[in-house]
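Visitor: First the structure, which I've put down as structure tokens, then a few questions once you've had a look.
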Amino acid sequence: MPDIAISALRTFAMFSGAQESTLRELAPSCIFQSFSAGIEINRVGQVPRYIYCLSSGSTEAWARLNDAETILATTTAPMVFEVAATMRNQPAALSIVTREACEAIAIETGAFLKAVRDDQAVCNAALIHVSGTYLAMTHRLLDQKLRTAEQRLSQWILAKMDPSGRSATVEIVFSKRALAYELGMSPANLSRLFNVLREHGIAVDGKTMTITNLKKLEALAQG
């Protein structure tokens, strides 16, 4: 079991440069977990007991206030989360929910914090990780503040296109409600935008979007 845990941990940038002794100390605190889609891995408002190393699948970071809710970010494996809240010993600001079936390694926070204190490579990796998360959140906030809803949706479609150009079809593989929140809008607004896109080179059929005029779509994305 320790050797399996050590090999798995080394696949993550957070631990790829860690000393062998550090990984051997971490191994007993590792729990291999499997989650189906729609499972809340951690809950907002609670101090994390574990950090999670996502080895497969993807997750959504949900925030809620009274009757309002949104998805602040999405993550795709490989990814480590709950690092900032753990290092600050503060309640999690977001609930992490699996978007699809996921595999993860849960590491007890006490063992992780000891690794950060004792191993310079892990400490540096944690700093890089938290800095990257901060920058990603800043870019996301600027995107929602400075771009229109039409631009955000059209840019999302362009990002999901087959880069080889062999396919002009984009599938929404999760709920439209989740897509709306991810893009910083209401589900009703997203439905309205699907009708707008029909005039800008997109044919919409359920969760399938076919690009009929790429130049029009790119023009909408650029504003």
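The values are calculated or read from the model by the stated rules, or taken from the named source; none is laboratory data. Treat the numbers as computed from the prediction; the structure is a model and nothing was measured. Please note: Cβ atoms are built from the backbone with ideal geometry, for glycine as well, and neighbour counts cover all protein chains shown. Remember, those area values only see protein heavy atoms, side chains included, never the ligands or the DNA or RNA. Shrake-Rupley method; radii C 1.70, N 1.55, O 1.52, S 1.80 Å.
Visitor: Determine, yes or no, whether Q33 is in contact (Cβ under 8 Å) with a residue 40 or more places away in the chain, over 18 Å from Q144 (Cα atoms) and either open to solvent by 70 Å² or more (accessible area, probe 1.4 Å) or assigned to a loop (DSSP other than H, G, I, E, B) (or both).
Guide: no
Visitor: Looking at I41, I105, which is the one that is out of contact with any Leu (no Cβ under 6 Å at 6 or more places or on another chain), buried (at least 18 other Cβ atoms within 10 Å of the Cβ) and under 19 Å from E182 (Cβ atoms)?
Guide: Of the residues listed, the single one that is out of contact with any Leu (no Cβ under 6 Å at 6 or more places or on another chain), buried (at least 18 other Cβ atoms within 10 Å of the Cβ) and under 19 Å from E182 (Cβ atoms) is I41.
Visitor: Can you give me the number of residues within segment 36-71 that are small (G, A, S), closer than 25 Å to A8 by Cβ and in a loop (DSSP other than H, G, I, E, B)?
Guide: Number satisfying all stated conditions: 4.
Visitor: Here's another thing I want to ask about it. Answer yes or no: is there a residue in segment 153-172 that is within 19 Å of the chain's Cα centre (by Cα), hydroxyl-bearing (S, T, Y) and at pLDDT below 90.
Guide: no
Visitor: Take segment 187-223 and flag every residue that is open to solvent by less than 60 Å² (accessible area, probe 1.4 Å), assigned to a loop (DSSP other than H, G, I, E, B) and polar (S, T, N, Q).
Guide: Across segment 187-223, the qualifying residue is only N213.
Condition check ((1) farther than 30 Å from T22 by Cα; (2) surrounded by 14 or more Cβ atoms within 10 Å (Cβ to Cβ)) across all residues:
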position	(1), (2)
M79	no, yes
P91	no, no
S95	no, yes
E100	yes, yes
L113	no, yes
Y134	no, no
L142	yes, no
T148	yes, no
R177	yes, no
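Visitor: How many of the residues making up segment 118-151 are under 17 Å from the mean Cα position of the chain (by Cα) and farther than 30 Å from E25 by Cα?
Guide: Counting residues in segment 118-151 that are under 17 Å from the mean Cα position of the chain (by Cα) and farther than 30 Å from E25 by Cα gives 9.
Visitor: Here are the criteria: (1) open to solvent by less than 20 Å² (accessible area, probe 1.4 Å); (2) out of contact with any His (no Cβ under 7 Å at 6 or more places or on another chain). Tell me which single one A84 does not satisfy.
Guide: A84 satisfies all of (1) open to solvent by less than 20 Å² (accessible area, probe 1.4 Å); (2) out of contact with any His (no Cβ under 7 Å at 6 or more places or on another chain) except (1).
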